[in-house]
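Computed from the coordinates by the stated procedures, all read-outs in this text should not be read as laboratory data. Just so you know, these numbers come straight off a predicted model, no measurement behind them. Glycine gets a Cβ as well: all are built from the backbone with ideal geometry, and neighbour counts include every protein chain shown.
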Amino acid sequence: MDNNKKLFEGLLKADGINPAGATEYERIAFGKMLDQQSKSKQSKPGIARPDIWRIIMKSRITKLAAAAVIAVAAILSITFLNKSIPAAYALEQTIQAAHSVRYLHVRNSVESQDEPMEFWVEFGPSGELKNMRFNKPAWMDSEDGETVIVWKDNKMQLWIKKKNFLVTLEDKEVAAQVLKQVEQLDPKFAVQCLQEKQQEGAIELTMEEPVDKDEPIVVTATSLKKDDDSPFQRIVLFVDQATRLVNSVDLYKLENGEYHKVMTSEYFDYNQPIDAAMFTFKDIPDSATRWDQTAQEVGLSQGNFTNEEIAAEVVRQFLQALIDHDYAKAGKLFSGVPAERIEKAYGQIRFIKIISIEKPVSHALTGGLYVPCTVEIEENGKIIQWHPEHSYVRQVHGQPGRWEIIGGFRGI
Amino acid sequence: MIRERFQRTYMDFEKQLEEIVHRCQDGERAAFEELFEMYQPRLKYYVRRLDSEGVNIDDTLQDIWLTVVKKIHKLKDAQIFAVWLYRIARNKVYDGFRRKDRFVRLPEEDEFPVSGGDEPVFDANDAEKLHRVLNELKPYHREVLTLSFVEQMSYKSIADVVGCSIGTVRSRIFYAKQSLREEMERQNG
């Protein structure tokens, strides 16, 4: 053992610390901390996801789009339970009114950006999500640019204009995450979720109900929490006096002792049926690359392999296909990405040989396996060893017994 | 040969760490647990070496890790994880001080700059004695030596953690090692 390492270990031991790792007590405490973090993230996912996950689950979407609705719901829930507020108007009326909402058009405008985020949502008779469209402006993702996401018939389609790329997915996990976000547009759902938060009583609430019935009721909620690190510290809600439905919400952030408006959410066309054309892509150019994971067999059959063996084999065959310039095969292994897209991403790189494929390890986030590997490549005249950082493999949803690469290799 | 082996081992460690940090940024629970195993012992040693009397070490460590878990996705360069972590730790300890109105920053003294003088080298077999004498040093000497001994940080990285120039770190480590050597010799009689 070298002197430095020995010195490090000696110093820690002299202080009664085991240099090899944490104590059991510390591990338990840390585990609890991770559990708490995990719970708090379940309702507002914001973890960076690789590739196709990232396209949909961009953290800024969840932070901005969802936070607005969560904030509204927080106010609704507070008011719903706080019967002592002396105002003629009570927000239970808004909740009641929201029960009958079948169609909703939401526009979220961020102060620093010109283009808004827009959602069109259609709920079924029981309040379940039926159709959804999300126009994601280019500023939210400099790599993909403007993207339209449509959820319909239990399938999700993404139109990435800049890349001329139409993706069709039937991924239950991604769908579940997106649905969770969309459900938060419905105050009824959010009220239930946020009752717990409300009980903290950390918000001061004021209401103004103008005599002029054309003017909206103004509800202002200000966080009383010290060092509040939530996205917004003040929310102003404008409620239509006739319908009792929310017209718009302004969100403020406290900076240097002053409240600055950072975002406005506007709610339009309550219960105005949305044109069915909004939930279809009819004007996609013929030149667009279409990647329909629901219409082809993807990945590799597991056969008699164990999970670890098949994961390593998928990665091995993918890398070998790149070495052989067999982009169709590489694409099939990579979630069914079209061959031309694979060639575009990897055609400039000469894959020389596989150096190693190591033992796969489980990967909680994707529910699959991470396969560490090293491959020798030549890029821009230089021969280097490349270690893909996110070489994840998992079972194909809807195709039992098959395994696929789900992202992480660059360029797709 | 030994130096080469050390560099290789250190590079392996760095590569491994970088990979773990990336996995943490992807939200992988197992990666956070690995990171915690790797850094909790050395972090505890560092926090204890700061002049943290009156600060609850366990609470502070939990606070540090909570920040790591919450903010690691914002870390742009996984290679500077250690610097980032120790800066968080330093700020948390000083926050603790501020809350207790004890003092705002560590008292420091100006030291003459040094230019490439021979620094004392310490044998790992003296670790126990070193640890004992380390606690006798001035807090700002103790801090830079801890980062140097425990983390084998470069002067640049230490400067980034402590928030001063590389020259200041160099002179601080030089005088700190001298003080350490003198104190050890004094105790040896």
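Which of A:392, B:155, B:39 comes first, and how do the rest follow, when ranked by fewest Cβ neighbours within 10 Å?
B:155, B:39, A:392
Would you mind getting me the FRET efficiency between residue A:376 and residue B:186? Use the beta-carbon distance for r and R0 = 51 Å, nearest 0.05.
Efficiency, from the Cβ-Cβ distance: 0.35.
Would you list A:278, A:207, A:156 from fewest to most Cβ contacts within 10 Å?
A:278, A:207, A:156
Lysine pairs in the stretch A:302-393 8 or more apart or on different chains: how many have alpha carbons under 22 angstrom apart?
7
How much FRET efficiency would the formula 1/(1 + (r/R0)^6) give for residue B:87 and residue A:213, where r is the Cβ-Cβ distance and R0 is 51 Å, rounded to 0.05?
Calculated transfer efficiency: 0.35.
Please report the spacing between the Cα centers of the stretch A:108-170 and the stretch A:289-313 in Å, no decimals.
Here the answer is 28 Å between Cα centres.
By count of other Cβ within 10 Å, fewest leading, how are A:334, B:13, A:238, B:149 ordered?
B:13, A:238, B:149, A:334
Pairs A:136/B:70; A:13/B:71; B:92/B:177; A:5/B:44: which are spaced more than 19 Å apart, C-alpha to C-alpha?
A:136/B:70; A:13/B:71; B:92/B:177
Viscosity 1.567 mPa s, temperature 4 °C: give me the Stokes-Einstein translational D for the stretch A:298-412 in µm²/s, with Rh taken as the Kirkwood radius over C-alpha pairs.
Rounded to a whole number, D works out at 93 µm²/s.
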